[in-house]
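Please read the structure below before turning to the comments.
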Amino acid sequence: MEEISETFIKNVKEKIKRVNTLVEAKKMKVDILGKNGLLKSKFAEIKKLSPEKRAELGKMLNDAKREIESLLLDKIHELKKMEEQHKIVEKSIDLTLPGARRNFGKLHPISQITQECVDIFNKMGFEVVEGPEIESSYYNFEALNTPEWHPARDLHDTFYVNDGRLLRTHTSSVQIRTMESRKPPLRVISPGRVYRKDYDSSHLPAFFQIEGLVVDKNVSISDLKGTLENAIKSIFGNDKPIRFRPHYFPFTEPSIEVDVSFPEGKGKWLELLGAGMVHPQVLRNVGIDPKEWQGFAFGMGIERIAMLKYGISDIREFPRNYLDFLKNF
Amino acid sequence: MKICVQWLKDYVNSTDDIEKLSNELTMSGSEVEEIERPFEKLKGVVSGKVMEVIPHPNADNLNVCKVTDGGKLYTTVTSDKTVQVNDVVAFAPAHESTTADGKKVESVEIRGIKTHGMMLSLKEMGLESHSAHVFRFGKEMELGKNVIDLLNLDLTSFELEITPNRPDCLSHVGLAREVAAVEKKELKLPRLSAELPRSGVDVSIESSGCWRYMAIRIDGVKVKDSPLWMKRRLASVGLRPINNIADMTNYVMMELGHPVHVFDFDKIPHSKIVVRNARDGEKLLALNSKEYKLNGKDILITDGENPLAIAGVIGGKETGVTYSTKNVLLEIATFDPVKIRKTSRAIGLSTDASFRFERGVDPNSTEFVAKRLVDMVVKFAGGTVAGGSDLYPTRIGPKKVFLPRKRLASYIAYEPEPSEVVEIFQRLGMEVSTESDGWAITVPTFRQDISEDVDLIEEFARIHGLDNLPTSLSLPYIAIKENKWWKFKDNVKNAMVGFGYYEAVTYPFVDPKLVKTSDPSGEKVMKSPKLVNPISPEMSLMRPSLKFGLMSVVAYNVNHQQSSVRFFEMGKVFSEKSESEKLGIMATGRINPYDYTDKRNMELLNLKGDVEAVGELMHVELEFRQKDMVDFEVGRGAEILVNGQKCGIIGELPVEIRDFMNVHSPVYFAEVDLEKIFKAQKPARYVKYSQYPVSSKDISMFVKKGKAKAEDIIKIAKKSSKYIMGLKVSDFYIGKNVPKGSYSLTITITYGSMEKTLSEEEINVAFTSLVEELDSKSGVIVRKVS
């Protein structure tokens, strides 16, 4: 009997150890400790023994019961925990996988730079104006003080259209249209596409410009300098040296070019924009009295700004529109 | 244009700091683009003495010489039989030296004799265009010394960009004047001694395009090589020395900026000069050996009958100066810049002379230039002045321009010291008279660019230095106006980016052949503006649609390993009379190429969805009217309408076009007129929604294509009850269990009311009647309701 009890307890303990599911463990609890469980039958068995023996075995059984109870509870607890753990792993997501990306596009760098420039000048009170790309010679040249046989036309190798008009060589034509249709004071900026018959690694036959015009009273070269310096610093940062160099455009007097020096350029100055005080003849051409009004104008190439800002070496990347190029910006 | 710094110093005692000088010129308006050392490639060439001259054993026309540089003895072979023992030559040792054009001197075998270097001529040292002989130093000379030092070839030249308004700066004296003004130094002009005769040459002007013509005849000149110093200077500014007479004309032009010409007087058949307009078709064989055909607008220098030169552009070959010329006629003239420019353009020839004449040469500099040229000819070619003529039909004088003090101050935002103002103008060669309210300035005629006060302001500003003027950020306040059209276009672009499209920016010029592929009638090609002078025939048509540019972008990307591409472009398209701004969209491949959980390919309905979404974002209701058109596959195209008016197209490109693009999956394209959408925008308004619970019902049906249209089904459903609060397509399916030629469609209808909660019965009545109506419609079979 004693041996039986001992082996019985030993067996039960072994069994408990081997259990590895919660369902089994719960079943075992009922089978061993339940109303009709194994232990109950053991207790029933010892009722037949002598009182001493009964007491002795009873104690043994009671101890065993407590031990088994505790073992089972621990087991159940352990299995419960394990099960929870499994559930968590099952529910979990491997977030080291790359995101399943929704499609998104990007604006062409031309648009991005144009937008940036427009925003900067908007804040300084410039309003966007636009004009046609196929233009009459008058708006592109004559009104801008550049008569037909003027040597300055050499700088603008012009595309002509079969109906006698031309593709505008600069957005300055929009200045004329604006001054014709509005009264000063004026502060406008005209972004847009312009055309020159020129094609190599730094020239495109169709490219983008942004031009500005201020007509007001007592506007000076100092205002021109301040406005452009402010804009250039907004675009390229405060640390780039800028210089204002005399130049020539038929429609401004004095005429100015603005150069910027980039650290990568090793002290070389790069021409960034052309500017100047609006030529009195241009004002007269649109019926504005140059004794009363004066102002300044400026223009810059969008591709050039983008190339300097992003380190693009070949201007022909822009019209190619290769996705691997566009993704950079 | 090039100038030589050492030459410039003849006229102004400028700084020795080359960088500083370059900066001074740049910052006063004559931009130095490049600082060059014209003889830098001539390396390792030294003075050497000829020790032995023997005939070449294998060639009668060659000699073998031994030359020493004071140390080693070198063997060399020459064809110049005048080289004698004891001659001091410019010797280029093999492997260690290069000629002026940068060619390395090698050790070579000439007819069995191995050489260790060569004796150079002036040509090989960059100082002559043709050389007959090896160069020899005239006297005993230390041996082994570099020729750069011996011949003073250590020169610096500037390549400058002279703006078209400043022809006066196209010369050394002109730029010296600029430097003198910046550095506040004296300008030193060449001293003159010649007396100019006013008679003895028969000249007449019959063309209004000739403003002044001076001719000087010099008899008994000796045409020969120029002195070395003159060759050196001309070579340093990129001109090739020819002979003393030709070199002097170039020298004077580079010195004073006034192009001059010299005729061989004995070769002028009628011995006189008549300046007249050319006759149509008249021809001249020019100095460059090319024949030019002229017309009545060109000015010719003739002898009354025979053309001698194309005025201001190029001289004739017949009357050109040669080594046998004895008597010369010097021409110092000025012509109408526009006429010269037209001629130069018409005959396609730009010369140093025409470049200056078309920018404007001062007729009043004629005497000075003539005297300078005569002085030089007499000095370096001998001869005596035998006669002259000077015709100047319409004399021009200096202009007076007044610069008000207030005007200057208002332009530069401060009042400068009057003394500085006066000094700057004086140094620029102007006379200044100070008055109470400004300065009266007499502008010399070489400054035709100055005609009003702002021109003088520029002179002050550039010499004072633009960088030295104050900078201010104090523009007057102005109310900021927003350009709504610009903003609208920006919003559309941003919406497209949000829908997953990359922006393309393509050329507005397209290939007419490409346009014809989708326009067999040729109507678009006919109507689109064409370029008269395109870059190439493939870029000669102004685009009638954004499609063509997008096609090349999509094709380029697909053919460069990008299988799924979605692009949009916004830009002008052109027709006969007008241009309009459009939005073009083109896509092919997967809807979500970056989402590995979504393998769906783009369908035409996806593109339609994107177009609708743009419309909705812009508060515009777009309609689509299915229509077959040449742009698209049959049955896969539609017109887009706004307020009943056509504003665009959408569809799938025909297979042939896709094949042409070398793209193998379907390509979808839509294009809308942005201005029409912009104008149709409705302002955003608040619309009340129901506060009561709503309920939804689904109805699924088979729709037979060609018999029934989704649009009509939706219309019927919408009108079926006053309780419809919303309606959407919730499923679309083609495939298993769907009859051929039909599709399965499920719509979800939301019933509700603004006033109450609808009863079950109210909803059922409405829904049942709809189901019955749809089921009775031809081409529709209701298969399930819930």
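The values are calculated or read from the model by the stated rules, or taken from the named source; none is laboratory data. Predicted, not measured: the structure shown is a model, and the values here were computed from it. Neighbour counts are summed over all protein chains in view; Cβ atoms, including those assigned to glycine, are modelled from backbone coordinates with ideal geometry.
Scan the range A:204-211 and give yes if some residue there is over 32 Å from the mean Cα position of the chain (by Cα), over 22 Å from B:Ala504 (Cβ atoms) and charged (D, E, K, R), otherwise no.
Looking for residues that are over 32 Å from the mean Cα position of the chain (by Cα), over 22 Å from B:Ala504 (Cβ atoms) and charged (D, E, K, R), one finds none in the range A:204-211, hence no.
If you check every pair at least six apart or on different chains, which have Cβ atoms under 8 Å apart with a residue in the range A:237-261 that is more than 7 Å from chain B (Cβ to nearest Cβ) and over 22 Å from B:Ile457 (Cβ atoms) first and a residue that is part of a strand (DSSP E or B) and small (Gly, Ala, Ser) second?
Taking only residues 6 or more apart or on different chains, the pairs are A:Lys240/A:Ser261; A:Pro241/A:Ser261.
Can you pull out the residues in the range B:466-498 that are facing chain A (nearest Cβ under 8 Å) and closer than 30 Å to B:Gly615 by Cα?
B:Ile480, B:Lys481, B:Glu482, B:Asn483, B:Trp485, B:Trp486, B:Asp490, B:Lys493, B:Asn494, B:Met496, B:Val497, B:Gly498
Return yes when B:Asp519 is under 16 Å from B:Leu546 (Cβ atoms), more than 10 Å from chain A (Cβ to nearest Cβ), more than 28 Å from the chain's Cα centre (by Cα) and not hydroxyl-bearing (Ser, Thr, Tyr) and no when it is not.
The answer is yes for B:Asp519.
Taking only the range A:198-236 into account, find how many residues are among the aliphatic types (A, V, I, L, M) and within 10 Å of another protein chain (Cβ to nearest Cβ).
7
Please determine whether any residue of the range A:135-144 is within 10 Å of chain B (Cβ to nearest Cβ) and assigned to a loop (DSSP other than H, G, I, E, B).
No; the residues of the range A:135-144 include none that is within 10 Å of chain B (Cβ to nearest Cβ) and assigned to a loop (DSSP other than H, G, I, E, B).
So B:Tyr11 fits all but one of (1) out of contact with any Cys (no Cβ under 7 Å at 6 or more places or on another chain); (2) without any contact (Cβ under 8 Å) to a residue 40 or more places away in the chain; what number is the exception?
(2)
Could you grab me the full set of residues in the range B:732-758 that are in a loop (DSSP other than H, G, I, E, B) and of a type in the set (Val, Ile, Thr)?
Correct list: B:Ile734, B:Val738, B:Thr757.
Please enumerate the residues belonging to the range B:13-66 that are assigned to a strand (DSSP E or B) and within 14 Å of chain A (Cβ to nearest Cβ).
B:Glu31, B:Val32, B:Glu33, B:Glu34, B:Ile35
A:Asn145 is checked against (1) of a type outside the set (D, E, K, R); (2) over 34 Å from the mean Cα position of the chain (by Cα); (3) modelled with pLDDT of 95 or more and fails just one. What number does that condition carry?
Failing condition for A:Asn145: (3).
Find all pairs meeting these conditions: Cβ atoms under 6 angstrom apart; at least six residues apart or on different chains; first residue within the range A:110-127 and closer than 12 Å to A:Phe208 by Cβ and assigned to a helix (DSSP H, G or I); second residue at pLDDT 95 or above and of a type in the set (D, E, K, R).
A:Ser111/B:Glu503
Have a look at B:Val422, B:Val454 and point out the one that is in a helix (DSSP H, G or I), without any contact (Cβ under 8 Å) to a residue 24 or more places away in the chain and among the aliphatic types (A, V, I, L, M).
Only one candidate passes the filter, namely B:Val422.
Can you spot a residue in the range A:288-303 that is free of Cβ contacts under 8 Å to residues at least 24 places away in the same chain and more than 10 Å from chain B (Cβ to nearest Cβ)?
Yes, the range A:288-303 has at least one match.
Being aromatic (Phe, Trp, Tyr), modelled with pLDDT of 95 or more and part of a strand (DSSP E or B) is true for just one of A:Phe296, A:Phe318. Which residue is that?
Checking each option against the conditions leaves just A:Phe296.
Would you mention how many residues in the range B:349-373 are surrounded by fewer than 19 Cβ atoms within 10 Å (Cβ to Cβ) and within 14 Å of another protein chain (Cβ to nearest Cβ)?
1
Does A:Pro109 satisfy being within 20 Å of A:Gly276 (Cβ to Cβ) and at the interface with chain B (Cβ under 10 Å from one of its Cβ atoms)?
In short, no.
Quick one: B:Asn165 ticks every box in (1) within 30 Å of A:Pro147 (Cα to Cα); (2) at pLDDT 95 or above; (3) within 38 Å of the chain's Cα centre (by Cα) except a single one, so which number is it?
The one condition B:Asn165 does not meet is (2).
Would the range B:275-297 turn up any residue that is touching a helix residue (DSSP H, G or I) at 6+ places or on another chain (Cβ under 8 Å) and buried (at least 23 other Cβ atoms within 10 Å of the Cβ)?
no
Only one residue in B:Leu546, B:Leu541 is surrounded by 20 or more Cβ atoms within 10 Å (Cβ to Cβ), out of contact with any Phe, Trp or Tyr (no Cβ under 8 Å at 6 or more places or on another chain) and more than 9 Å from every other protein chain (Cβ to nearest Cβ). Which one?
So the residue among B:Leu546, B:Leu541 that is surrounded by 20 or more Cβ atoms within 10 Å (Cβ to Cβ), out of contact with any Phe, Trp or Tyr (no Cβ under 8 Å at 6 or more places or on another chain) and more than 9 Å from every other protein chain (Cβ to nearest Cβ) is B:Leu546.
Which of the residues belonging to the range B:574-597 are in a strand (DSSP E or B) and either without any contact (Cβ under 8 Å) to a residue 60 or more places away in the chain or not aliphatic (A, V, I, L, M) (or both)?
Result: B:Phe574, B:Glu579, B:Ser580, B:Glu581, B:Lys582, B:Gly584, B:Thr588, B:Arg590.
Within the bounds of the range A:169-189, is there any residue that is closer than 30 Å to B:Met539 by Cα and within 9 Å of chain B (Cβ to nearest Cβ)?
No; the residues of the range A:169-189 include none that is closer than 30 Å to B:Met539 by Cα and within 9 Å of chain B (Cβ to nearest Cβ).
Residue-wise test of (1) part of a strand (DSSP E or B); (2) of a type outside the set (A, V, I, L, M); (3) over 38 Å from the mean Cα position of the chain (by Cα); (4) farther than 18 Å from B:Val515 by Cβ.
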| residue | (1), (2), (3), (4) |
| --- | --- |
| B:Glu656 | no, yes, yes, no |
| B:Phe669 | yes, yes, no, no |
| B:Glu675 | no, yes, no, yes |
| B:Phe678 | no, yes, no, yes |
| B:Arg685 | no, yes, yes, yes |
| B:Tyr689 | no, yes, yes, yes |
| B:Phe702 | yes, yes, yes, yes |
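Within the range B:566-577, how many residues turn out to be under 17 Å from B:Glu671 (Cα atoms) and within 9 Å of chain A (Cβ to nearest Cβ)?
8
Looking only at the range B:619-655, count every residue that is β-branched (Val, Ile, Thr) and more than 16 Å from B:Ser545 (Cβ to Cβ) and tell me the total.
Total satisfying the criteria: 4.
Kindly check whether there is at least one residue in the range A:277-284 that is without any contact (Cβ under 8 Å) to a residue 12 or more places away in the chain, crowded, with 18+ Cβ neighbours inside 10 Å and in a strand (DSSP E or B).
No, there is no match, as no residue in the range A:277-284 is without any contact (Cβ under 8 Å) to a residue 12 or more places away in the chain, crowded, with 18+ Cβ neighbours inside 10 Å and in a strand (DSSP E or B).
Evaluate the following for B:Ser665: is it hydroxyl-bearing (Ser, Thr, Tyr) and closer than 28 Å to B:Ala587 by Cβ?
It is true that B:Ser665 is hydroxyl-bearing (Ser, Thr, Tyr) and closer than 28 Å to B:Ala587 by Cβ.
Can you pull out every residue in the range B:69-115 that is assigned to a strand (DSSP E or B), buried (at least 17 other Cβ atoms within 10 Å of the Cβ) and acidic (Asp, Glu)?
Within the range B:69-115, no residue meets the criteria.
Could you look through the range B:234-247, keep only residues that are surrounded by 24 or more Cβ atoms within 10 Å (Cβ to Cβ) and touching a strand residue (DSSP E or B) at 6+ places or on another chain (Cβ under 6 Å), and pick out the one that is nearest to B:Leu373 (Cα to Cα)?
That would be B:Ile245.
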